[in-house]
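K.L.:
Below you'll find the structure I mean.
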Amino acid sequence: MSFSSFDVREMSQELQEIVGMRCNTVYQIDHLVRIKLFGRGRKDLVISKEAFYVTRYPRRAPQKATNFAMLLRKYLKGCWLYGITQVNFDRIVEFHFGYDQEPRFVLVAELFGKGNIILHSEDEIIGVLRKEKWKDRILYPHKKYSYPPTRLSIDIPFADFEKLKIQTEKDLAVSFNFGNLYAREIFLRAESSSAEDLYEAMHSFERKPNIPGENDVVPFELLVYQDSEKEFFPSFTEAVDEFYRRKEDVLAGEEFESEEEKILRSQEDAVKDFEAKRDFYKTCGDLIYQNYALVEDVLKTLMEVRKTHSWEEIISIIQESDNETASKITDVDYRNGKVTVALEEPVTLDLTLNINENAADFYEKAKKMERKIVGARKAMKKPRKQKKPSLPKRTILRKREWYETFHWCLSSEGHLMLGGRDTRTNELLVKKYMEPSDVYVHADIQGAPSVVVKNGQNASSDTILEAAQFAASYSRAWNHFGSLECYWVYPEQVTKSPPSGEYLTPGAFFIAGSKNFLNVDLGIALGLHKEKIMGGPESAVKTHASAYVVVGFGDEKKEKLAKQIGKILDYPDIDEIIRALPGKGRVLSRK
């Protein structure tokens, strides 16, 4: 199988979460490329001839890197991933890499035909996985990169869509290049073959990732697969990863890393990182002394000028000056008291320290890295129990209910309380699921989720109070404030139309009219309700849960905290518990 244009669009949107991470290295394993990213933990981005996704099951890296992998390492290693974009609603996706806040290289995945991966800069091809040549298009190094002919996008205005005079599934598939599956699905969804019905059906898809049967993975629940047994997933990324994981399970000769091998590789990666940092810190210390007069001049001059000028004036003077010393200053971070000087490498100095103290600070950091290297190498030498390499275990996910897309909890009176998890689910909750009989609740702090109490207008003040505590606890106030002011309003007061001159960010809403305020204490309980993890105020959870724990503020990371809760509740799906936690914390009590 291969991705359709719809699939590429959904995956491109989901993978925005890895934008801002940094390329550590690149591997080529058979027909696919794996890019190891760091910055917010670790992510492994896989690009194959037919798909791209983040994997939880990285395959063992080859002993010897291919020429194409070496080329990608040369240009991308150390670069930041600045953007992921789909091209023209086609099966083409671009990964923009660069540094100094400037994209410099574009890695293009063409997910059609035999598939291909191209690296170019300013439209000149640097390298290509597979050289190809057509009448009007050449994929060779040093040639100009050009896209295949543009296809129509589903964002086409209705007036233009109507002119296409679509009559059959084939007409639709050819015009938009999204394949027979989605052409058939759109005709199934449309009440007739009229342009109005087809256009509406083409825009009716809502994300609900699943694997229907064994031969496909889709981001939506499709009528085409209505008779198939489906397995649902929290995200399309996870569904795609699991789908290809299962395909690889049955391929002969496909080996995955054992747990022991993963630990060893992680330790080896850590040693390499420590060594790189040690060498960098030592180099910075050496460069300070090698450029003693220049560095001392920079530090003394800046602190003297600071007595009579503002930092904004100093930065302006530096930028306009032809002085040799000033030309070496590449950045002044006055908020953090830092200045970066271009020696043989950029060296960032602390303005509160003199030249000797700055050098000593770098040397001490280098020594700290050396101690970490010694410790890591000792850990690597410790004998481990030998285990036969085996495939990583996977959790077969149960079918999720629609409300599990959100944070959810039943109030003590039985009203369903729903809260957005992010910008997308905030929008989805209010626009699709909020009804006139509901109540909208929000914590009075930026970054709080939208909360909807189903049939809330028939609820008592106890439920509204629980909903406010629910909203406050899943906001940014968690671990920062003991109590928080919240408010509730009616659905008709919630709008995406702000007053003239104001702007609403995605996921935010404007409240018209008066708000009903109340102050609540923050606190969360997690319990088992019908074999599902439910998180919310203790007064609500204890009413419906067969067993529960009370969670308070603390420093325990979510993963470790979830494992503790999993043991207490005898619940094996740690990911579900992590999804129900508002952040770091600790177990206060168990019931």
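K.L.:
Can you name the residue in the range 502-555 that is acidic (Asp, Glu) and surrounded by fewer than 17 Cβ atoms within 10 Å (Cβ to Cβ) and, of all such residues, is farthest from the chain's Cα centre (by Cα)?
P.N.:
As a first pass, look at the range 502-555 and keep what is acidic (Asp, Glu): 502, 521, 531, 538, 555.
Within this subset, residues satisfying the condition of being surrounded by fewer than 17 Cβ atoms within 10 Å (Cβ to Cβ) are 502, 521, 531, 555.
Values: Glu502: 28, Asp521: 31, Glu531: 28, Asp555: 23 Å.
Among those that are acidic (Asp, Glu) and surrounded by fewer than 17 Cβ atoms within 10 Å (Cβ to Cβ), it is Asp521.
K.L.:
Got a number for residues in the range 132-147 being more than 18 Å from Val87 (Cα to Cα) and either hydroxyl-bearing (Ser, Thr, Tyr) or surrounded by 13 or more Cβ atoms within 10 Å (Cβ to Cβ) (or both)?
P.N.:
5
K.L.:
Name the single residue that is surrounded by the most Cβ atoms within 10 Å (Cβ to Cβ) among those in the range 119-131 being in a loop (DSSP other than H, G, I, E, B) and not acidic (Asp, Glu). Lay out the reasoning, then the answer.
P.N.:
Step one: filter the range 119-131 for residues in a loop (DSSP other than H, G, I, E, B), giving 122-123, 129-131.
Adding the requirement that they be not acidic (Asp, Glu) leaves 129-131.
Values: Leu129: 25, Arg130: 15, Lys131: 12.
Ranking the qualifying residues of the range 119-131, first place goes to Leu129.
K.L.:
Which residue out of Glu435, Glu466 is over 19 Å from Thr505 (Cβ atoms) and either without any contact (Cβ under 8 Å) to a residue 60 or more places away in the chain or among the polar types (S, T, N, Q) (or both)? Reasoning before the result, please.
P.N.:
On the way: Glu466 fails: either without any contact (Cβ under 8 Å) to a residue 60 or more places away in the chain or among the polar types (S, T, N, Q) (or both).
Checking each option against the conditions leaves just Glu435.
K.L.:
Separate question: Among the candidates Ala270, Ala326, Ala293, which residue alone is assigned to a helix (DSSP H, G or I), in the same structural domain as Lys372 (by TED's automatic domain parsing), at negative phi and under 34 Å from the mean Cα position of the chain (by Cα)?
P.N.:
Numbers: Ala326 fails: under 34 Å from the mean Cα position of the chain (by Cα); Ala293 fails: under 34 Å from the mean Cα position of the chain (by Cα).
Selected residue: Ala270, the only one of Ala270, Ala326, Ala293 that is assigned to a helix (DSSP H, G or I), in the same structural domain as Lys372 (by TED's automatic domain parsing), at negative phi and under 34 Å from the mean Cα position of the chain (by Cα).
K.L.:
Only one of these conditions is not met by Val520: (1) part of a helix (DSSP H, G or I); (2) β-branched (Val, Ile, Thr); (3) touching a helix residue (DSSP H, G or I) at 6+ places or on another chain (Cβ under 7 Å). Which number is it?
P.N.:
(1)
K.L.:
Mind checking which strands (runs of 3 or more DSSP E) fall wholly inside the range 395-468 and carry at least 1 residues that are among the hydroxyl-bearing types (Ser, Thr, Tyr)? Give the steps one after another, and end with the answer.
P.N.:
Working: elements: 407-410, 416-419, 439-443, 451-453.
Passing ranges, in order: 439-443.
K.L.:
I've got another one for you. Take the residues of the range 148-186 that are exposed (fewer than 13 other Cβ atoms within 10 Å of the Cβ) and touching a residue at least 60 places away in the same chain (Cβ under 8 Å): which is nearest to the chain's Cα centre (by Cα)?
P.N.:
Restricting attention to the range 148-186, the residues satisfying the condition of being exposed (fewer than 13 other Cβ atoms within 10 Å of the Cβ) are 149-150, 155, 157-160, 163, 165, 167-168, 170.
Checking the rest, the ones that are also touching a residue at least 60 places away in the same chain (Cβ under 8 Å) come to 150, 155.
Numbers: Thr150: 29, Asp155: 25 Å.
Filtering first and then ranking leaves Asp155.
K.L.:
Now, a different point. Tally the residues that are of a type outside the set (A, V, I, L, M), surrounded by fewer than 21 Cβ atoms within 10 Å (Cβ to Cβ) and within 29 Å of the chain's Cα centre (by Cα), restricting the search to the range 409-462.
P.N.:
12
K.L.:
Taking only the range 47-81 into account, find how many residues are surrounded by fewer than 17 Cβ atoms within 10 Å (Cβ to Cβ) and outside any loop (DSSP other than H, G, I, E, B).
P.N.:
3
K.L.:
Against the conditions (1) touching a residue at least 24 places away in the same chain (Cβ under 8 Å); (2) within 29 Å of Asn116 (Cα to Cα), where does Lys135 fall short? Just the number, please.
P.N.:
Unmet condition: (1).
K.L.:
Check the range 544-557 and report whether any residue there is under 29 Å from Ser460 (Cβ atoms), of a type in the set (S, T, N, Q) and touching a residue at least 24 places away in the same chain (Cβ under 8 Å).
P.N.:
no
K.L.:
How many of the residues making up the range 97-142 are among the basic types (Lys, Arg) and under 19 Å from Ile18 (Cα atoms)?
P.N.:
Let us first name the residues in the range 97-142 that are among the basic types (Lys, Arg), namely 104, 114, 130-131, 133, 135, 137.
Then keep just the ones that are under 19 Å from Ile18 (Cα atoms); that gives 104.
Counting residues in the range 97-142 that are among the basic types (Lys, Arg) and under 19 Å from Ile18 (Cα atoms) gives 1.
K.L.:
Hey, can you tell me all the residues within the range 217-247 that are among the hydroxyl-bearing types (Ser, Thr, Tyr) and within 19 Å of Ala190 (Cα to Cα)? Step through it out loud before you land on a result.
P.N.:
Residues of the range 217-247 among the hydroxyl-bearing types (Ser, Thr, Tyr): 225, 228, 235, 237, 244.
Residue satisfying the conditions is Tyr225 alone.
K.L.:
Let me ask you something else. So Trp478 fits all but one of (1) in a loop (DSSP other than H, G, I, E, B); (2) surrounded by fewer than 19 Cβ atoms within 10 Å (Cβ to Cβ); (3) of a type in the set (Phe, Trp, Tyr); what number is the exception?
P.N.:
Only one criterion is unmet by Trp478, namely (2).
K.L.:
Within the range 207-225, take every residue that is modelled with pLDDT of 90 or more and in a loop (DSSP other than H, G, I, E, B) and give me the one that is nearest to Asp160 (Cα to Cα).
P.N.:
My answer is Leu222.
K.L.:
If the requirement is being closer than 19 Å to Tyr147 by Cα, under 15 Å from the mean Cα position of the chain (by Cα) and not in a helix (DSSP H, G or I), which of these qualifies: Phe89, Phe95, Phe3? Don't jump to the end; show me each part of the working.
P.N.:
Numbers: Phe89 fails: under 15 Å from the mean Cα position of the chain (by Cα); Phe3 fails: under 15 Å from the mean Cα position of the chain (by Cα).
Among Phe89, Phe95, Phe3, only Phe95 is closer than 19 Å to Tyr147 by Cα, under 15 Å from the mean Cα position of the chain (by Cα) and not in a helix (DSSP H, G or I).
Every residue, every condition in (1) of a type in the set (Val, Ile, Thr); (2) closer than 23 Å to His120 by Cα, yes or no:
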residue: Leu15; (1), (2): no, yes
residue: Gly20; (1), (2): no, yes
residue: Ile29; (1), (2): yes, yes
residue: Asp44; (1), (2): no, yes
residue: Phe52; (1), (2): no, yes
residue: Arg59; (1), (2): no, no
residue: Ala69; (1), (2): no, yes
residue: Arg73; (1), (2): no, yes
residue: Leu76; (1), (2): no, yes
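K.L.:
If you don't mind, another one. Among the residues of the range 304-316, what is the count of those that are farther than 16 Å from Val341 by Cβ and either touching a Cys at 6+ places or on another chain (Cβ under 6 Å) or in a helix (DSSP H, G or I) (or both)? Show your work before the answer.
P.N.:
Just the residues of the range 304-316 that are farther than 16 Å from Val341 by Cβ, to begin with: 304, 306-313, 316.
Okay, now just the ones that are also either touching a Cys at 6+ places or on another chain (Cβ under 6 Å) or in a helix (DSSP H, G or I) (or both), so 304, 311-313, 316.
Of the residues in that region, 5 qualify.
K.L.:
Of these, Gly523, Gly536, which one is out of contact with any Gly (no Cβ under 6 Å at 6 or more places or on another chain), in the same structural domain as Glu485 (by TED's automatic domain parsing) and closer than 15 Å to Lys584 by Cα? Lay out the reasoning, then the answer.
P.N.:
Working: Gly536 fails: closer than 15 Å to Lys584 by Cα.
The conditions single out Gly523.
K.L.:
Among the residues of the range 496-513, which ones are hydroxyl-bearing (Ser, Thr, Tyr) and either touching a residue at least 24 places away in the same chain (Cβ under 8 Å) or within 21 Å of Ser475 (Cβ to Cβ) (or both)?
P.N.:
First, pick out the residues of the range 496-513 that are hydroxyl-bearing (Ser, Thr, Tyr): 497, 500, 503, 505.
The answer is Thr505, and nothing else.
The values are calculated or read from the model by the stated rules, or taken from the named source; none is laboratory data. Computed from a prediction, not measured in an experiment: that's the story for all the values here. Note that each Cβ is placed from the backbone with ideal geometry, even for glycine, and that neighbours are counted across all protein chains shown.
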